[in-house]
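*Asks:* Let me give you the structure first, and then I'll get to my questions.
Throughout, read-outs are computed from the coordinates displayed, never taken from laboratory work. Every value quoted in this text rests on a predicted model; they were computed, and no experiment measured them. Cβ coordinates were reconstructed from backbone atoms using ideal geometry, including for glycine residues, and neighbour counts include every protein chain displayed.
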Amino acid sequence: MYDPSDSRWIKNCIQIMPVSKHVLLTFDDGPSRQLIPILNILKEKRVRAMFFWNTKLLYKERPWQRVIREGHIIATHCHSHKKLDNLTKEQQYKQIKTSITILEDITRIKVKYFRPPYGRFNEDTMVILRDLNVLPVMWDISSCDWINKEAPENIICNVISHISDGSIILLHELKQTVTILPRLIDEIRKQGFHFTLL
Ligand SMILES: [Zn+2]
């Protein structure tokens, strides 16, 4: 399980670059049907973000070309959304390697970043990530968007009340997240923060 004090994981941009008053938006569990509305909002607001995808969901109609063209980063969240710490090392390797191969085959861009489903991993995961040369990325602010379907306003509050220099913000490709995304971006800017990428 993820221990926030485990420094092997990037959970704030400051760990790898000197940034002040910048934060990073990350969207997990796509590519989903919400991807297009998310891209539309990010484009309108001139924000670039990171997407952690399950390559099992990478259907033909998902606009991965647009994601890249508009300056976002596509990273891996495994092939399917399994708890890695329940899998053997070989099964874990297959999950991660397959997703990297699929992404690199279609985009022709090296996959540099990885986030495990449910934030769950074990020491086998760390060895595999080192072997495959991908950097482990977690977050330091969870928006808890997945449990706020009925009260999307809480998503904004969860982020704004914890925001700090270099924060990596965990969001998902969900309908309630789309609903509040324009306001979330505005509120982050109102706090004096800009958006960055790794
Ligand atoms: Zn996930």
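*Asks:* Using a Gaussian network model of the chain whose springs link C-alpha atoms within less than 10 Å, name the residue from 50, 126, 138 with the highest mean-square fluctuation.
*Replies:* The residue that fluctuates most here is 126.
*Asks:* Determine, from the Cβ-Cβ distance of residue 66 and residue 46 and an R0 of 22 Å, the FRET efficiency 1/(1 + (r/R0)^6), rounded to the nearest 0.05.
*Replies:* The pair residue 66/residue 46 has a calculated efficiency of 0.90.
*Asks:* Can you tell me what share of the DSSP beta bridges in the chain is antiparallel? A percent to the nearest 5 is fine.
*Replies:* Antiparallel bridges: around 5 percent, rounded to the nearest 5.
*Asks:* Using a ≥ b ≥ c from the Cα gyration tensor of the range 13-195 (square roots of the eigenvalues), is it rounded, prolate or oblate, where a/c under 1.5 gives rounded and otherwise the larger of a/b and b/c decides, a/b for prolate?
*Replies:* In terms of gyration-tensor shape, prolate.
*Asks:* Taking amide H positions as placed 1.01 Å from N in the peptide plane, with prolines and chain starts having none, which residues 5 or more places from residue 21, or on another chain, fall under 5 Å of its amide H?
*Replies:* Residues meeting the criterion, in which the H sits 1.01 Å from N, are 165, 166.
*Asks:* Can you give the FRET efficiency for residue 85 and residue 132, using 1/(1 + (r/R0)^6), R0 = 25 Å, r = Cβ-Cβ distance, to the nearest 0.05?
*Replies:* Result of the calculation: an efficiency of 0.90.
*Asks:* Right, next: Which pairs, out of 56/97; 45/175; 56/149, put more than 20 Å between their alpha-carbon atoms?
*Replies:* Distance filter (> 20 Å) returns 56/149.
*Asks:* What aspartates and glutamates sit close enough to residue 190 to cross-link, taking a C-alpha to C-alpha distance under 18 Å and skipping anything fewer than 8 places away on the same chain?
*Replies:* 44, 153, 165
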